[in-house]
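> Structure provided below as structure tokens; questions to follow.
The values are calculated or read from the model by the stated rules, or taken from the named source; none is laboratory data. All values derive from a computational prediction rather than experimental measurement. Note that we place each Cβ from the backbone using ideal geometry, even for glycine, and neighbour counts take in every protein chain shown. In case anyone asks, the SASA skips ligands and DNA or RNA and just uses the protein heavy atoms, side chains included. Shrake-Rupley method; radii C 1.70, N 1.55, O 1.52, S 1.80 Å.
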Amino acid sequence: LTSMDIPSGVLTIEWGTFSGCEDLEQISLPETVASISQRAFEGSGLTSVILPGSVTEIGEAAFIGCTSLSAFTVNGGSSFATQDGVLFNHDKTTLLAYPAGKEDDSYAIPEGVTHVAEWAFYGTWPSSITIPSTLVQIGYNAFRGSSIVSLVIPDTVTDIKDYAFANSDLQSVVIGANVVQFGSGAFSGCYGLRDVYFLGNAPE
């Protein structure tokens, strides 16, 4: 089964409903769907996701492990938005999910984004990610298992949650001067990490 039409009247895609459905490439969600629960599509074969305007809630890690997913699209509504296939909240202050099948080598998080949500870059391709001067918080597991190699965290960031970069390909990171919350295991499993510079004291 490579495609599926969810019947009208369905309100919620429940936890793990399509988890592990590797053959499922396309799914059509009716305008009645209001919420997508956590891990609803984890590890499925989806290549793209079109969210109807009726969706107001997307649970944590709803699309993680979807390695063929190259883009999100939002059809109206006031809860979510996309830019270059990346999923944000409506006013684009929170980056919710970067598609794991989007095979770009680099990505610049747009100015105005203040939060990177939990699991947002899990297992993603870009080796270079630029963080804007507006960012304040990096969420739980935000870059876990990603291909990111080096990163400069600006002084605006004050909060880095648990396991934010765990098991990523990080080799070098510069941490800005104003981080006051540093989660446990933030760099656990980063076996290639050689250089960590605190307080913005990177070499010239």
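> Which residue is surrounded by the fewest Cβ atoms within 10 Å (Cβ to Cβ), if the candidates are limited to region 77-90 and must be among the small types (G, A, S) and within 18 Å of E31 (Cα to Cα)?
S78
> Give me the pairs, please: first residue somewhere in region 1-15 and closer than 17 Å to Q26 by Cα, second residue anywhere and part of a strand (DSSP E or B) and open to solvent by 80 Å² or more (accessible area, probe 1.4 Å), beta-carbon distance under 9 Å, and either six or more positions apart or on two chains.
T2/Q26; S3/Q26; M4/Q26
> For D5, indicate whether it is in contact with a strand residue (DSSP E or B) (Cβ under 8 Å, 6 or more places away or on another chain), under 26 Å from A164 (Cα atoms), surrounded by fewer than 14 Cβ atoms within 10 Å (Cβ to Cβ) and of a type in the set (D, E).
no
> For region 18-32, give me each residue that is more than 19 Å from N89 (Cα to Cα) and surrounded by fewer than 17 Cβ atoms within 10 Å (Cβ to Cβ).
Once the filter is applied, which keeps residues that are more than 19 Å from N89 (Cα to Cα) and surrounded by fewer than 17 Cβ atoms within 10 Å (Cβ to Cβ), region 18-32 yields S19, G20, E22, D23, Q26, S28, P30, T32.
> Are any residues in region 66-76 open to solvent by 50 Å² or more (accessible area, probe 1.4 Å) and under 20 Å from G16 (Cβ atoms), and if so, which ones?
Matches in region 66-76: T67, S68.
> Pull up region 183-197, narrow it to residues that are modelled with pLDDT under 95 and surrounded by 14 or more Cβ atoms within 10 Å (Cβ to Cβ), then point me to the one that is nearest to I138 (Cα to Cα).
Checked region 183-197; the qualifying residue nearest to I138 (Cα to Cα) is G183.
> Would you confirm, using the coordinates I've provided, whether F63 is touching a strand residue (DSSP E or B) at 6+ places or on another chain (Cβ under 7 Å), in a strand (DSSP E or B), among the aromatic types (F, W, Y) and crowded, with 20+ Cβ neighbours inside 10 Å?
When the stated conditions are applied, F63 does not pass them.
> Next up: For region 33-50, what are the residues that are open to solvent by 30 Å² or more (accessible area, probe 1.4 Å), among the aliphatic types (A, V, I, L, M) and either closer than 13 Å to Y122 by Cβ or touching a residue at least 24 places away in the same chain (Cβ under 8 Å) (or both)?
Scanning region 33-50 gives a single hit, I50.
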